[in-house]
Amino acid sequence: MKHQEALNAYKNKDFQKAFNIWKEESKKQNHQAMANITLMYLKAEGVSKDYLQAKYWFEKSSSYGNASANFNLALMYQTKIGVEEDIQKAKDYFRKAVQKNHTQASFRLALILLQNRKSIDDLKEGFECMIKAANNGHTLARIQLYQNEKQQKENIILNTNFRKLNKEKQLKIVKDSLDRYIKPILLKDGGNILLVEYINNPDIELRLAYQGACIGCSIASTGTYFMIENTIKKIIDEKVKILIL
């Protein structure tokens with residue numbers, strides 16, 4: 001009830017009243033009230049702008065697992081707002097927010113993890129975060145992952161010979177196809193592609209990451225994607241799902 005009263009006061013720009021209520025609520029371990037106090041210090045609403053106080057209240061709210069506090073602390077460390085840049089701390093706080101299903105944290109952590117395309121662990125986590133953000137409706141995440149997805153054909157004929165193989169044998173065929181038909185073309189232009197993860201239960205899904213000159217290139221989302229898609233689907237079948245970042 002008090003929290004709603006504070007929200008109403010805040011909406012009516014009675015910042016001092018909102019601040020006083022949230023300050024009292026914070027004494028009752030109301031972590032959202034703590035996070036709201038922080039935002040007031042960052043925006044100089046009812047109080048003077050004070051990054052130290054903002055950090056203090058975010059950390060206090062974070063200690064109770066508040067997703068918003070963890071997300072904003074990560075932003076502070078990522079963008080040097082009142083603190084020295086510390087990407088490791090930013091990742092740690094983003095991860096805490098992601099555990100609470102915070103959509104923006106999932107997307108931002110994915111972007112950080114996908115910068116270094118040499119670490120399989122980072123790429124796997126980056127994919128999971130991007131998928132989580134996309135499934136939560138994040139527009140840019142959906143564009144990154146699903147811009148080339150077409151409506152699946154009906155009455156698809158499955159490649160039963162391939163599908164009855166165990167995962168190890170399937171993976172060997174997929175890797176061989178990438179090495180023989182796709183990588184040589186990309187390498188000519190200074191690019192490459194890495195198989196991040198191969199999933200075959202219950203459905204077959206390939207998660208691939210562009211490397212080198214392919215990263216961020218517009219052709220990576222058009223011609224190159226369709227070349228990879230057509231090659232893989234000819235080897236497996238039309239039901240395979242291909243995600244490329």
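The values are calculated or read from the model by the stated rules, or taken from the named source; none is laboratory data. On a predicted model such as this, the values are computed, not experimentally measured, just so you know. Glycine gets a Cβ as well: all are built from the backbone with ideal geometry, and neighbour counts include every protein chain shown. Accessible surface areas use protein heavy atoms only, side chains included; no ligands, DNA or RNA. Shrake-Rupley method; radii C 1.70, N 1.55, O 1.52, S 1.80 Å.
Points worth noting:
- Computed P(r) (all Cα pairs; the chain; 5 Å bins; percent): 1, 6, 11, 13, 14, 12, 10, 8, 6, 7, 6, 4, 3, 0, 0
- THR139 paired with GLU168, simple spin-label distance in nm, labels 7 Å along Cα-to-beta-carbon: 4.8 nm
- The residues neighbouring LYS2, those whose beta-carbon lies less than 13 Å from its own, together hold a net charge of +1 under the Lys/Arg +1, Asp/Glu -1 convention.
- Antiparallel bridges, percent of DSSP beta bridges restricted to the chain (to nearest 5): 65 percent
- Accessible heavy-atom area order of THR224, THR103, highest first, probe of 1.4 Å: THR103, THR224
- For the range 1-97, the list of trypsin sites (Lys or Arg not before Pro) that fall in a loop by DSSP and count at most 16 other C-beta atoms within 10 angstrom reads LYS13, LYS27, LYS28, LYS49, LYS80.
- Looking at the chain, the accessible area is 55 square angstrom per residue; that uses a 1.4 Å probe and ignores ligands, DNA and RNA.
- Cut-off 15 Å between beta-carbons: net charge of the residues surrounding GLN78, Lys and Arg +1, Asp and Glu -1: +3
- Each residue, ASP92 and ALA213, gets one label point 7 Å from its Cα in the Cβ direction; the gap between the two is 4.1 nm.
- Nonpolar atom fraction for the range 10-103, defined as the carbon and sulfur part of the 1.4 Å probe accessible area, stands at 46 percent.
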